[in-house]
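Report on one structure; see the data block that follows.
Nothing in this text is a laboratory measurement; each read-out follows from the coordinates by a stated rule. What you see is a predicted model, and the numbers here were worked out from it, not measured in a lab. Don't worry about glycine lacking a Cβ; one is built from the backbone with ideal geometry, like all the others, and counts go over all protein chains shown.
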Amino acid sequence: MRSKTVSGLHSARHLGPAQWIADSAMPQAVGAPTSHNTLADTGVLTGLERTHPTYARTLSKGTLTIECLNWDQAGDRFDAWRALAAKSIETNVFNEPEFALSAAQHFAPANKPVFLFISEKRGGNQTGPLAAVFAIQQPRRVANVTGRLWCPPEMAVGTPLINPEFGIASLDLLEDWLASEFPAMGAFMLPMIPATGSFSALVQAYTGVRMLQSCQFDLRSRAVLRNAPDTADRVVRWMGRKRHKEMRRLWRRLAECGSLEFMTAKAAVELKSATEYFLALEAMGWKGKRGTALICAPSLATFTRTMSRRLASQFNIEIDALTIDRFPVAMAIVLRSGTDAYFWKTTYKEEYAQYSPGVLLALGMTSRLLNNPDTRFINSCAVPNHPMIDHLWPDRIEMTDLLIGIKGRSDARFTAVAAVEGGRRKMRAAAKSFYHKMRASVPG
């Protein structure tokens, strides 16, 4: 293969369909459906699925109106939703219709959200362009409950989509809806949002104008990359010359195992096959043994297939692979929104662990994205202090969970909710710490 070396690693080339599809020896992952059609795709929807959620249907204020929809009803507004995503105050692929609808469609009923669509009012019963979309967890009707934006583990960013022209007005109408529908709600949680940025500034401005209390929980750092002319050099310096040299050596050693290539699937037909490869490869590793691989949960596997197909139709997903003799030893799923890229999932074949194939893949993916002038920002989607990506990428953003008060509710109620939330998080952190200590103490 003719290739160009960037920072010691080979640059990506496009993956030809024949290589992964025509004569593929890897069978389709267990549990893969013979057809990806869904009730929503075929238009066959029962009367039950077409009913509204058991919440207030509409509420209007000024020039805006809010309505509460199921996932299938939200799908009817797909085009308007996509148009909103293109001009949102912050990009977030996880709240765009391709990802959010796929998750809401296939997740278990207890994990499904309801969607609040805020639109500009038109004459009669007509609605105009969308001003905002909020996906929220279905709250319980108990005293001092905390409402929450929907942000399941598969989502790495919780920022909602909001037209900046209607920022304050949209938050105002959201709070009016929550206050009227859930009189016992004491506060509302905005999880997994950047602590600085346009949306955070909007929320701060809103709570200041409405004199609402707010507090942050779990401020944490996440590795990211901001694409600039010197970013590739900064990555090398951050890694250190010794580690960078070691990666070059491991690349050469891995190449001794067979024909080593770095490939990227972008076309829809390639992505369908690459998604199955990813699901199968992940299931072979430690996640499969623990039962946490995507394919171990039929709903997550089907969600991944549907989501990748829908994003492929918008050219907003890419799957990178490090292959030996055309079979993947490491893979990564990259989601896209505008000029942002999201390093969503990665996996590798554990029999090659001594060569660090996951690190080599991440470096190849990094080089590919930095060489794309349409990519300005790369989100690692990683937990704090990630043992791999934190040692490769030098840039950071702060993520937080922001709790805000509900209009018309007493400060004492907010204080009570905040205290309960803080206590719950401390107990969870203590339990998690105890669990890891117990695991470390078990021999073998």
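Structure data summary
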item: Global geometry of the stretch 297-342, whether rounded, prolate or oblate, following the gyration tensor of its Cα atoms and the 1.5 cut on a/c; result: oblate
item: Positive-end residue of Y355, A330, G422, charge dipole of the stretch 284-443 with Cβ unit charges; result: G422
item: At R0 = 45 Å, FRET efficiency that the Cβ-Cβ distance of R290 and I168 yields, to 0.05; result: 0.50
item: Within the stretch 288-311: backbone nitrogen closer than 17 Å to the V383 label point (7 Å, Cα to C-beta); result: 288-294
item: Extension gain from R396 to M438, taking 0.36 nm per residue of separation minus the Cα-Cα distance; result: 12.0 nm
item: Those chymotrypsin sites (Phe, Trp or Tyr not before Pro) in the stretch 291-363 that DSSP places in a loop and that have at most 14 other beta carbons within 10 Å; result: F315
item: Ranked by how many other beta carbons lie within 10 Å on average, peptides 200-213, 83-96, 253-266 from highest; result: 83-96, 253-266, 200-213
item: Cross-link reach list, lysines versus K121, counting only Cα pairs under 21 Å and skipping chain neighbours closer than eight places; result: K61, K87
item: Residues of type lysines that K426 reaches as a straight line, Cα spacing below 19 Å, ignoring anything fewer than 8 places off in the same chain; result: K437
